[in-house]
1. Would you list Glu214, Glu358 from the most to the least accessible area, probe 1.4 Å?
2. Excluding Leu243 itself, calculate the net charge of residues whose Cβ lies under 13 Å from the Cβ of Leu243, where each Lys or Arg counts +1 and each Asp or Glu counts -1.
3. So which lysines pass the test for Lys272, namely a Cα distance under 20 Å, with those fewer than 8 places away in the same chain ruled out?
4. Largest first, how would Met143, Met148 line up by accessible area (1.4 Å probe)?
5. If a/c stays under 1.5 just call it rounded; otherwise compare a/b with b/c (prolate if a/b is bigger, oblate if not). Do that for segment 16-169, with a ≥ b ≥ c from the square roots of the Cα gyration tensor eigenvalues.
6. Give the cross-link partners of Lys33 among the lysines, using a straight C-alpha distance below 25 Å as the criterion and excluding same-chain residues fewer than 8 apart.
7. Which length gain, in nm to one decimal place, applies between Arg171 and Asn90 when the Cα-Cα distance is subtracted from 0.36 nm times their residue separation?
8. Calculate, in nm to one decimal, what Glu122 and Lys282 gain on full extension: separation in residues at 0.36 nm each, minus their alpha carbon distance.
Amino acid sequence: MKLFGVGASDHPMADVKEARAILDAIPAGDPFKVLEDLSHWLESVRTWPGFKPEHRAQIVQMVDDAAQLHLRKLQREYVSSQRPSKFLENRLWSVIREWHRQSGLAFAICIDAYATGQKGWEDLKQSVPLLTVRALRALAAQMKWQHMRYGPAENSLWEMIAKIYALSENRKYSQSKAIAYPGSPAETSPEQEFLKAVMFAASSPDSLLPVEIELVERLIAHLAGSFKLTTSPRPDIVYCFDLANHEPPVRAAHLPHRAPTLRFFAAGGAVKEIEKLAQTVKSTGAVPSSIALGGNYEPEVVLDVLDHLALHWAPKPPERRAQRHRVKSRLTVTYGFDGVRAALDPTGEVQFDPGKVESWIVELLARAAARRRLELAGRRDSPFDARIPAAGNGGNPDLGPGRAARAGEAAERADGNQPGLGNCDPAQSGRFRSRGAAAAARQCPACRPESGARAKREGLPAAAYGGYGTRRRLRAGALSPDDPRYRRVGPSVRSRGRAPFPARR
């Protein structure tokens, strides 16, 4: 039945003029409502069977263009210095991520029509480089917003990126230039958007705060012209990506095989540009206006991100210094808030009710002569992972109270025992997880005397070496108090371990 007129399709946006009228009629006062409505229309156009490929692509681009202004406004609000309420934060994240998901799927459908030779695919030849650019950018943005909430990696996104980019190489338009959006300052290409996505993954974004993740994306966009992509390994190439494997990028040094689908990439000249930019920020105390960061950021925050990128983009990225080995440990676990509260005695001892606990044996993937403790960096709560409670409020005064870190994220320490917890500390394991439960470990009496005595014997001062969030324990006298690298750290400040780019297993 034709509800909206006659023609090849009875969709409300079957006519370009009608589609433009619908988009203009959406109230612009509420960005949330605008993005929700546009996401609805984008999904409708994507799934409606009556569109010709060229017409579907044209309508998808129109809807995408209409969303950009409102999308940028909501993104700035999410990463603003003043943290929104929990409800508003969740709403912002959900709306933004859903838009990128619908956008990526819509452009992928248009490209699939071209790849499979659907009727009318010839009309897409001129616009397919632009469709590819927008598709890759939407998929990369979806992964970025997944990192904003420290969610699990989705290999389905890498599969889509791999297939879309591989098609651009096979059809010889991977280097075709296009302006992504009206008003964009520079041209881009499918190859450049692919490099942005893999370089973002190689930058260890899971060890950064949301505002730092935003800065990493902006700096990658600014430096994308310096990145290198090859089909064969070279001494200065650090990472690689398999177009047929559909998994995140890995270090080229850990490849188990060689295949024609491998693509090797590195920062190239971007490393020197980062070093030069860092020197400029240090000498002037300001970020150059030529770099579009999407907002005003403190120079110290920008310098921390630049140091982070220089570390992970270097020709020799960070690696473990010792071989890891497996260790089994026993944990006593109690469930729920009431169980944890009952286990914490005001005297400082942990008292478990034998009838309400479980005994776990956890396999730790630990490092010889190393210890780990829970990171309480004050990150935003993730909707995906449960938490392990810790003494105190778990908050950082600079980042907001009560934001516990994920259980698997731990900061490296000097020896094998955690003061007060001993080798029973669950944070020693990067694989420790407790979904849907709050867990607390019994203190190990055998470990406490050695840990406390060692700390007292060596007199480790609470000193910080390096930028914000990279605290290291230093031996007494290692740095003079007059040294600019030395600063005292108060008891409420927690360190944020910088996790190196994970090696492929």
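1. Glu358, Glu214
2. With Lys, Arg at +1 and Asp, Glu at -1, the net is -3.
3. Lys196, Lys228, Lys282, Lys316
4. If we order Met143, Met148 from most to least accessible, we get Met143, Met148.
5. oblate
6. Once the sequence-local lysines are set aside, what remains near Lys33 is Lys17, Lys73, Lys86, Lys144.
7. Full extension from Arg171 to Asn90 adds 25.1 nm.
8. This chain segment gains 52.3 nm when fully extended.
The values are calculated or read from the model by the stated rules, or taken from the named source; none is laboratory data. Nothing here was measured: the structure is a model prediction, and the numbers come from that model. Positions of Cβ are generated from backbone atoms using ideal geometry, with glycine treated the same way; all protein chains shown enter the neighbour counts. Heavy atoms of the whole protein, side chains included, go into the accessibility calculation; ligands, DNA and RNA do not. Shrake-Rupley method; radii C 1.70, N 1.55, O 1.52, S 1.80 Å.
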